[in-house]
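In what follows, a single structure is set out as C-alpha cells and then discussed.
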Amino acid sequence: MEFEGVIKTYEKAIKKYRFIYTLLEFLIITLIVYTIFFLLNIDQVFKIIPFIEIYSGRTYYLADFGVLFDTLAMFITALILSFLITLSIHLKRKKGTTIDLIEAKSTLVRERLRTAYDNRDKENIIVTDLIRGLVEDLTGYTEDIPDKSTKKSSQVKPSDMFDSKRFKLTVLLLLASTSAFVYLTSTDTRTDFMPENLIEYSPFIPGITDPSDTVHFRDETDDVSDPVQVDEKPTLVVVDGEEIDLSIPPGADAGFAREEEGEPQVYDFSPSSAYDVGVMASPTYYEELPQGYEDIIKRYFEEMAET
C-alpha cells in the first residue's frame with residue numbers, strides 16, 4: 001500500500017468526524033438561539049417591520065401541519081444566526097493537520113511520520129526504509145506480506161481519530177438544549193419582554209418605527225383662548241330599552257351660509273294670471289261661512305279692514 005494512500009485514509013476519517021462534531025454543535029446553537037428568541041417573544045417583531053408585517057399572522061401548511069409565518073420566520077432567523085456563529089467558531093478553531101493528529105495518538109510513529117511525509121518525493125534507501133516501516137506500523141502488515149490473514153494489530157487505526165470525549169460532551173449538551181426547548185415550547189413559557197422594548201433601547205434601528213410615535217399638528221386659525229379639556233370624557237346618552245337612530249341625514253353637514261358669502265339663489269315660480277286693473281276686490285265678505293268658524297272669520301276680516 002502506498003504511503004500517501006494510507007495518509008489519505010486517515011485524512012478522510014478525520015474530516016468525517018469533524019463534520020459530525022460541527023453538525024452537532026450547529027444543532028445545539030440553533031436550539032439555544034431559538035429558545036432565547038421564544039423566551040423574548042421575537043416572533044412579534046415581524047409585526048412592526050414594514051416590508052414583512054403584511055405576512056404576519058398567516059398560516060402555512062406543510063403536510064397538514066399548520067405553521068404561523070411568525071414562527072417560521074423566527075426559526076429561519078435562528079438558523080441563519082446559528083450558521084454564522086458556527087462558521088465563526090469553526091474558522092477560529094485551531095485544527096491540527098492529519099500528521100499531527102496521528103502522531104498525537106501514537107508515540108511509535110512520532111517524529112518519524114513527519115520526516116517521512118516531508119521527504120516522500122525523495123528516492124533513497126533511508127527514505128524508502130522509513131516509509132516501509134511506517135506503513136507497517138500504521139496498517140499492520142508489510143508490503144512483502146500483503147496477505148491480510150497475517151495482519152497484526154495496527155498501532156493507529158482510522159477509527160482512533162474519533163474523539164470520544166468530545167463526542168460525549170457534545171451529545172450531553174444536545175440533550176440538555178433539546179429538553180429545555182421542548183419544555184419551554186410545550187408549556188409556552190415566555191418572559192414579559194416585548195419587541196417594542198428593542199425600539200426603546202435602540203431607537204436607531206433602520207426600517208422599524210415606534211408605533212407609539214405620532215405627530216400632532218395644530219391649526220393656526222384655532223382660537224387659542226379656548227382651553228382644550230384633554231381629560232374630559234365625552235358625554236353619552238343612554239336610554240334603556242330604546243333604540244336611538246344616530247344616522248345623519250345627507251346634507252346635514254352643509255350648515256348655513258350667509259347670503260353675501262354665497263351666490264344668490266334663484267327660485268322658480270309661476271306668475272299669476274292677468275286680470276283687469278280696474279276691478280278691485282270687494283271689501284265685504286260672504287255671510288255663508290263654515291259652521292263653527294263664523295266668529296273667527298268675521299274678526300279676521302274686520303281686522304283686515306281696519307288696517
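Readers should treat all values here as calculations from the given coordinates under stated rules, not as data from a laboratory. The shown structure was predicted, so the numbers you read here are calculated from the model rather than taken from an experiment. Reconstructed Cβ throughout: ideal geometry from the backbone, glycine too, with neighbour counts over all protein chains shown.
The helices (runs of 4 or more DSSP H) falling completely within region 50-140 that include 2 or more residues that are touching a helix residue (DSSP H, G or I) at 6+ places or on another chain (Cβ under 9 Å) and closer than 30 Å to Leu39 by Cβ map to 69-92. Filter region 1-27 for residues that are of a type in the set (A, V, I, L, M) and under 16 Å from Asp163 (Cβ atoms); which is surrounded by the fewest Cβ atoms within 10 Å (Cβ to Cβ)? Per the stated criteria, the residue is Leu23. Listed by first and then second residue, the pairs linking a residue in region 97-120 that is closer than 15 Å to Arg132 by Cα and touching a residue at least 24 places away in the same chain (Cβ under 8 Å) to a residue that is crowded, with 16+ Cβ neighbours inside 10 Å and polar (S, T, N, Q), with Cβ atoms under 7 Å apart and 6 or more places separating them unless they lie on different chains, are Leu108/Gln155; Val109/Gln155.
Scanning region 177-196 for residues that are touching a helix residue (DSSP H, G or I) at 6+ places or on another chain (Cβ under 9 Å) and either part of a helix (DSSP H, G or I) or over 16 Å from Asp43 (Cβ atoms) (or both) yields Ser177, Thr178, Ala180, Phe181, Leu184, Thr185, Glu196. Answer yes or no: is there a residue in region 39-54 that is in contact with a Leu (Cβ under 8 Å, 6 or more places away or on another chain) and closer than 18 Å to Ile80 by Cα. Yes; the residues of region 39-54 include at least one that is in contact with a Leu (Cβ under 8 Å, 6 or more places away or on another chain) and closer than 18 Å to Ile80 by Cα.
Kindly indicate whether any position in region 73-94 is closer than 30 Å to Ile131 by Cα and out of contact with any Gly (no Cβ under 6 Å at 6 or more places or on another chain). Within region 73-94 (the criterion being closer than 30 Å to Ile131 by Cα and out of contact with any Gly (no Cβ under 6 Å at 6 or more places or on another chain)), the answer is yes, since at least one residue qualifies.
Among the residues making up region 34-50, a single one is within 24 Å of Leu174 (Cα to Cα) and charged (D, E, K, R): Asp43.
Quick one: is Phe46 free of Cβ contacts under 8 Å to residues at least 60 places away in the same chain, under 21 Å from Thr22 (Cβ atoms), of a type in the set (A, V, I, L, M, F, W, C) and assigned to a helix (DSSP H, G or I)? Criteria not met by Phe46.
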